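The values are calculated or read from the model by the stated rules, or taken from the named source; none is laboratory data. This one's a predicted model, so the numbers in the text were calculated from it and none came from an experiment. Cβ sites come from the backbone with ideal geometry, for glycine too, and all protein chains shown count toward neighbours. Areas reflect the complete protein model, heavy atoms only, side chains present, ligands, DNA and RNA absent. Shrake-Rupley method; radii C 1.70, N 1.55, O 1.52, S 1.80 Å.
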Amino acid sequence: MCLNNNRILEEFVIKLKQQHYAPSSIKAYKSAVKNFLKAFESHELHLIESKTIHNYILELKCLSDISIAYQRQILVAIDKLYLFNFNKKLNLSSYYPKRKTNLLPKFLNCDEIKALLEGCKNIKHLCILKLMYGCGLRISETINLQLSDIDFEAMKLTIRAINTSNTRTVPVPKSLLISLNEYLLVYGPKTFLFEGQNTPQYSPKSIQNFIKRYAQKNGINKKITPYMLRHSYATHQLQRGMNLRLLQELLGHLNIKTTERYSHITNISTATISNPLDQL
């Protein structure tokens, strides 16, 4: 983040303290504004329109599957930034996402996951599918993976969060490691694990497109999204007996309530925990 934006962030925090905001609120608003300033560091902030900020939120939702509450928090923080630092009222409240009455995550059953994987003959696409399902990754975490994040010997994967400072480590199933070794021999990526055709990283849109294509091709009659693979991982882990606290750590949820969305599964067994990808 440039020096000017650092100054803006410092002034914003001072304004919040002067307004006697709670330390937890200051921390949350500071984090949201810091990410916003970094995303728009090449822009003239006072010229940014409300619609552009709305598109920024939509992009975050697409990349990181952020909750409705977090979307609202970011918009509130940006609203306050412009009011306190630029004396400008954006009135972003019209862009606040509406709370949904049904927050249960949609997921695929084991047969549908198996059909999706078996129907994929492209080793690059197959590794992406296996990572998102076998490790419960978000689409943003998948495209930001670097070669150095994979420990083949320890069978572990380091995931660095995009919007927070949290880093987590998750186990990698054997079948995924085999596929990754094959993929590396064929494609030979340099830095990022999945490179685009003419870009350093693979694009989220490409992942969305090929997942829909494979779903249609293999008779999965659902409106499938990349996040359904992550939701399927979480649901299937609960079905196999994993407790919510461990699942929270593996998914990288800051709040246990986010993980509790998956506890709609009624027949949670006490079986020995194993990775769902290795059970296909």
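Here are a few things to note about the model shown:
- Per-residue Karplus couplings for region 198-213, computed as 6.51 cos²θ - 1.76 cosθ + 1.60 with θ equal to phi - 60°, are listed in order as 10, 9, x, 10, 5, 9, x, 4, 5, 5, 4, 5, 6, 5, 4, 5 Hz, Gly and Pro entered as x.
- Working note: Karplus 6.51/-1.76/1.60 with θ = phi - 60° gives region 56-64 the couplings 4, 5, 4, 5, 4, 4, 5, 7, 10 Hz, where Gly and Pro are set to x.
- Estimated purely from DSSP H runs of n ≥ 4, each contributing -39500 (n - 2.57), the mean residue ellipticity at 222 nm for the chain is -16000 deg cm²/dmol once divided by its residues.
- Take residue 61: with every protein chain present and a 1.4 Å probe, its accessible area is about 80 Å².
- For region 127-210: rounded, prolate or oblate by the Cα gyration tensor [a/c cutoff 1.5]: rounded
- Spin-label pair residue 154-residue 243: with each label point 7 Å from Cα along the Cα-Cβ axis, the two points sit 2.3 nm from one another.
- Amide hydrogen proximity for residue 146: with H placed 1.01 Å from N in the peptide plane, the residues at 5 or more positions away or on another chain lying under 5 Å are 193.
- Using θ = phi - 60° and Karplus 6.51 cos²θ - 1.76 cosθ + 1.60, couplings along region 171-176 (whole Hz; Gly, Pro as x): x, 10, x, 4, 4, 6
- Rounded to the nearest 20, the size of the Cβ-charge dipole of the chain about its Cα centre is 840 debye, with Lys and Arg at +1 and Asp and Glu at -1.
- Result for the chain in a Gaussian network model with C-alpha springs under 10 Å: among 191, 258, 199, the largest mean-square fluctuation is at 199.
- Computed accessible area, residue 111, all protein chains, 1.4 angstrom probe, square angstrom: 120 Å²
- Computed with a 1.4 Å probe on the full set of protein chains, the accessible area for residue 10 sits at about 120 Å².
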